[in-house]
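Everything on this sheet refers to the single structure shown next.
The values are calculated or read from the model by the stated rules, or taken from the named source; none is laboratory data. Note that the structure is a prediction, hence the values are computed from the model and not measured. Using ideal geometry, Cβ is built from the backbone for each residue, glycine included, and neighbour counts are taken over all protein chains shown. In case anyone asks, the SASA skips ligands and DNA or RNA and just uses the protein heavy atoms, side chains included. Shrake-Rupley method; radii C 1.70, N 1.55, O 1.52, S 1.80 Å.
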Amino acid sequence: MTREEISIVNTLENQAWELLERSIVYYKGHPVGTIAVCDKTQSILNSDHCFIRDFMPSALLFLIKGRYDIVHNFLEETLKLQPKKNQFDAYTPRKGLIPASFKVVSIDGEESLEADFGEKAIARVTPVDSCLWWIILLHAYVKATKDVKFAMQPQFQQGIMLIMEICLATRFDMNPMLLVPDGACMIYRRMGIYGYPLEIQSLFYAALRAARKLLICAGNEEIVTAIDNRLPLLRDHIRHHYWIDMKHLNIIYRFKSEEYGQTAVNPFNIYPDSIPYADLSVWLPKHGGYLAGNVGPSQLDVRFFSLGNLMAIICSLTNERQSQAIMNLIEEQWDDLVGEMPMKICFPALENEEYKIFTGCDPKNVPWSYHNGGSWPVLLWFLAAAAQKTGRTNISERAIEIAQARLSQDEWPEYYDSTSGSLIGKEARRYQTWTVTGFLLAKELMRNPEYLDLISFGEFDIEKNDRFCDL
């Protein structure tokens, strides 16, 4: 890079850090998180809330910079918002849930935190991923600070166990995955991903790995045993049943349906005619592959979902061969998945009748916009982390160059539209905090590979003495 180019990049990063500082929200004089939009003059719906999923890249940046107090306060205050008793009334949050977001409210000069568990959200969706992100962040905090005693406090141990009880409790379902409603994750609008969406399974796996390390030192043998039983089943199920490459596509193409018994080759009764072979067989590169978006009764959703696949690499839900194949696919299908702004939240978009049926004609999810094939700059940090994990840093370097050429001049938008990501999202909020932090975190991960340890996990080994109390 020339001196002029270096100066431009440094100016861009300085602007991004200034925006992050402006986004910090204070509660009783202490920093407790970051609001969704850096520009506090924008009063759009819940833009003044601190979202659990949105705060994750901000929190990792604060941990990297040694600003532990913000993450410490965030974990403590959100834990206080977690319901601790069973409530069987409708429209009330269940025991163990972590809210989707919170905001600071002041009544007669007295500040308090007002939580939203989805009961106020558009479409009233339950934030399943908030619980999972909370545990993953607590694990990152302990790794960064070496403050094991913080997580060993009784209230934190109870909080983790309550979340695990929701995830591992006795239920109707017999699969190792987590069964969730539509809109339970980053794609919080109707997109036909209810049941067992990949994003939730990847986060579930990472949260189980984190919870095992956080609980194992405190004598919670029953929960730890349940986690140890679930982890290999979940991992093997996803690696086998969700995986798509040319070899597996040929197997699926020849599936026999209506099979019965334990020896069924097509256990979910997938009808081969429901798979778009003509497009998929051309799109899949010879040495590429990816995890399907969803698998369920007579359903194989072959859309590529970026967050689920990248997070699967980061937490070692995929094996090394599969991780490399996903990165091969991203590199080979660069124009489709990255284009002019890293990167597509999913590909391809639902169009025509599919769009109408799956989304309910949602005007914000028209084809190639928002959740329906839009491009989300926040995914840049997941791509950088996956690239570091697989030794494919050339991919993230290329993506970062694309992003830093546009983000500032476009005023850090929430998402981009069109098949290439060339248009600023029609209803995208500007100065979106996680767009800013996604860029900054990607840069930090590229400069310092050791930061990946905060969010990454190696291959699961039930015999390994993987204990935080050994720190």
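Residue-by-condition table, conditions (1) within 21 Å of I122 (Cα to Cα); (2) open to solvent by less than 40 Å² (accessible area, probe 1.4 Å):
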site: E353; (1), (2): no, no
site: T359; (1), (2): yes, yes
site: D362; (1), (2): yes, yes
site: P367; (1), (2): yes, no
site: F382; (1), (2): no, yes
site: A386; (1), (2): no, yes
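Tally the residues that are buried (at least 22 other Cβ atoms within 10 Å of the Cβ) and either of a type in the set (D, E) or more than 17 Å from M327 (Cβ to Cβ) (or both), restricting the search to the range 388-402.
Number of matching residues: 0.
Residues being open to solvent by less than 30 Å² (accessible area, probe 1.4 Å) and over 14 Å from I160 (Cα atoms): count how many of those fall in the range 199-229.
7
So the check is Cβ under 8 Å with 6+ separation or different chains; which pairs have a first residue in the range 254-275 that's closer than 16 Å to V295 by Cα and a second one that's basic (K, R) and part of a loop (DSSP other than H, G, I, E, B)?
V265/K256; N266/K256; P272/R254
Checking the conditions here, which among E119, E111 is more than 28 Å from K146 (Cα to Cα) and more than 22 Å from the chain's Cα centre (by Cα)?
Numbers: E119 fails: more than 22 Å from the chain's Cα centre (by Cα).
Result of the check over E119, E111: E111.
In the range 230-248, what residues are open to solvent by 10 Å² or more (accessible area, probe 1.4 Å) and hydrophobic (A, V, I, L, M, F, W, C)? Spell out how you get there, then give the answer.
From the range 230-248, those open to solvent by 10 Å² or more (accessible area, probe 1.4 Å) are 230, 232-233, 235-237, 239-241, 245-248; that's our starting set.
The answer is L233, M246.
Looking at this structure, is L300 open to solvent by 10 Å² or more (accessible area, probe 1.4 Å), at pLDDT 95 or above and either over 18 Å from H241 (Cβ atoms) or more than 17 Å from the chain's Cα centre (by Cα) (or both)?
Here the answer is yes, as L300 does meet what is asked.
Residue-wise test of (1) touching a strand residue (DSSP E or B) at 6+ places or on another chain (Cβ under 8 Å); (2) more than 28 Å from A206 (Cα to Cα).
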| site | (1), (2) |
| --- | --- |
| S257 | no, yes |
| Y260 | no, yes |
| F268 | yes, no |
| Y271 | no, yes |
| V282 | no, yes |
| Y290 | yes, no |
| G293 | yes, no |
| G308 | yes, no |
| M311 | no, no |
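Scanning for something touching a Cys at 6+ places or on another chain (Cβ under 7 Å) and over 21 Å from F102 (Cα atoms), does the range 145-152 turn up at least one residue? Don't jump to the end; show me each part of the working.
Just the residues of the range 145-152 that are touching a Cys at 6+ places or on another chain (Cβ under 7 Å), to begin with: 148, 152.
Applying the additional criterion that residues be over 21 Å from F102 (Cα atoms) yields 148, 152.
Among the residues of the range 145-152, at least one is touching a Cys at 6+ places or on another chain (Cβ under 7 Å) and over 21 Å from F102 (Cα atoms), which makes the answer yes.
Working carefully through the options S47, S58, find the one that is crowded, with 16+ Cβ neighbours inside 10 Å, in contact with a strand residue (DSSP E or B) (Cβ under 7 Å, 6 or more places away or on another chain) and in a helix (DSSP H, G or I).
S58
I'd like to verify a number: residues in the range 206-258 that are within 28 Å of A325 (Cβ to Cβ), in a loop (DSSP other than H, G, I, E, B) and over 24 Å from the mean Cα position of the chain (by Cα), how many?
The total comes to 4.
Find all pairs meeting these conditions: Cβ atoms under 8 angstrom apart; at least six residues apart or on different chains; first residue within the range 192-206 and farther than 15 Å from H237 by Cα and in contact (Cβ under 8 Å) with a residue 60 or more places away in the chain; second residue of a type in the set (S, T, Y) and in a helix (DSSP H, G or I).
Pairs that qualify, where the first residue is farther than 15 Å from H237 by Cα and in contact (Cβ under 8 Å) with a residue 60 or more places away in the chain and the partner is of a type in the set (S, T, Y) and in a helix (DSSP H, G or I), are G192/T359.
Do the conditions hold for E414, that is, is it surrounded by fewer than 17 Cβ atoms within 10 Å (Cβ to Cβ) and either at positive phi or among the acidic types (D, E) (or both)?
Numbers: surrounded by fewer than 17 Cβ atoms within 10 Å (Cβ to Cβ): no; either at positive phi or among the acidic types (D, E) (or both): yes.
Criteria not met by E414.
Anything in the range 1-36 that is polar (S, T, N, Q) and exposed (fewer than 13 other Cβ atoms within 10 Å of the Cβ)? List them, or say none. Give the steps one after another, and end with the answer.
Initial filter on the range 1-36 (polar (S, T, N, Q)): 2, 7, 10-11, 14-15, 23, 34.
T2, S7, N10, T11, N14, listed by residue number.
Of the conditions (1) under 30 Å from A140 (Cα atoms); (2) open to solvent by 10 Å² or more (accessible area, probe 1.4 Å), S323 fails just one. Which one is it?
Answer for S323: the failing condition is (2).
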